[in-house]
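Undergrad: Below is the structure I would like to discuss, written out as structure tokens.
The values are calculated or read from the model by the stated rules, or taken from the named source; none is laboratory data. Since this is a predicted model, take the numbers as computed values, not measurements. Cβ placement follows ideal geometry from the backbone for every residue including glycine, while neighbour counts extend to all protein chains displayed.
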Amino acid sequence: MSKTIEQYAPQLPEQTTTSKSLGGLAMGTIVQTLDGALPVEYLFAGDRLITRAGMCKVREITVHTFKGHPYRIAAGALGNEAPERDLLVPPGQRVRLQGKRAEALTGTDEALVPVEMLFNGTTVSKALDVTELRAFTLIFDKEEVLYADGLEMASTR
């Protein structure tokens, strides 16, 4: 007998917001754990994720519903086939860039930038067909860069 998402997903209080500075990973986003690739909603505090710095334990997870239009990053939009599939993210979610893209936006060789700074109307666009997004914020002891559908994204401290 297979389990449903409700049986796996942690029972967390959920908040609703329209804040454009809010980040998070949309329900269904695949993250890399030491136990393999899992949807973000299957994670619990204490799970070990593979981050840019190595293995890190999730300290806390918060869930919020973003009311408004999130951004859609098209598959392959940021090079090296990242993300691996179309990805929805709240406006404040920061993405790690390096090389020419980072240089053009920030004047540095690498940077964490809010997805709204990447808006170009085609490969990074407003998801006008979506008005609400359930997002999970992963909190670590310090800021981490984790892998979400093949894209490097910032966590929350």
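Undergrad: From the set of residues in the range 76-89 that are modelled with pLDDT of 90 or more and over 14 Å from the mean Cα position of the chain (by Cα), which is farthest from Arg101 (Cα to Cα)?
TA: Gly76
Undergrad: Another question about this same structure. Considering (1) among the hydroxyl-bearing types (Ser, Thr, Tyr); (2) surrounded by 18 or more Cβ atoms within 10 Å (Cβ to Cβ); (3) out of contact with any strand residue (DSSP E or B) (no Cβ under 8 Å at 6 or more places or on another chain), say which one Thr137 fails and leave the rest.
TA: Exception for Thr137: condition (3).
Undergrad: Still on this structure, please answer the following. Could we say that Leu38 is without any contact (Cβ under 8 Å) to a residue 24 or more places away in the chain and surrounded by 15 or more Cβ atoms within 10 Å (Cβ to Cβ) here?
TA: yes
Undergrad: Across the range 115-134, which residue is surrounded by the fewest Cβ atoms within 10 Å (Cβ to Cβ) among those that are in a strand (DSSP E or B) and touching a residue at least 60 places away in the same chain (Cβ under 8 Å)?
TA: At the first step, the residues of the range 115-134 found to be in a strand (DSSP E or B) are 124-126, 132-134.
Okay, now just the ones that are also touching a residue at least 60 places away in the same chain (Cβ under 8 Å), so 132-134.
Numbers: Glu132: 11, Leu133: 21, Arg134: 16.
Here the residue is Glu132.
Undergrad: Kindly indicate whether any position in the range 109-121 is touching a strand residue (DSSP E or B) at 6+ places or on another chain (Cβ under 7 Å) and either among the hydroxyl-bearing types (Ser, Thr, Tyr) or within 15 Å of Gln32 (Cβ to Cβ) (or both).
TA: no
Undergrad: Note down all Cβ pairs under 7 Å where the first residue falls in the range 136-157 and is modelled with pLDDT of 95 or more, the second is of a type in the set (Gly, Ala, Ser) and in a strand (DSSP E or B), and they're at least six residues apart or on different chains.
TA: Here the result reads Val145/Ala154, each pair linking the range 136-157 to a residue that is of a type in the set (Gly, Ala, Ser) and in a strand (DSSP E or B).
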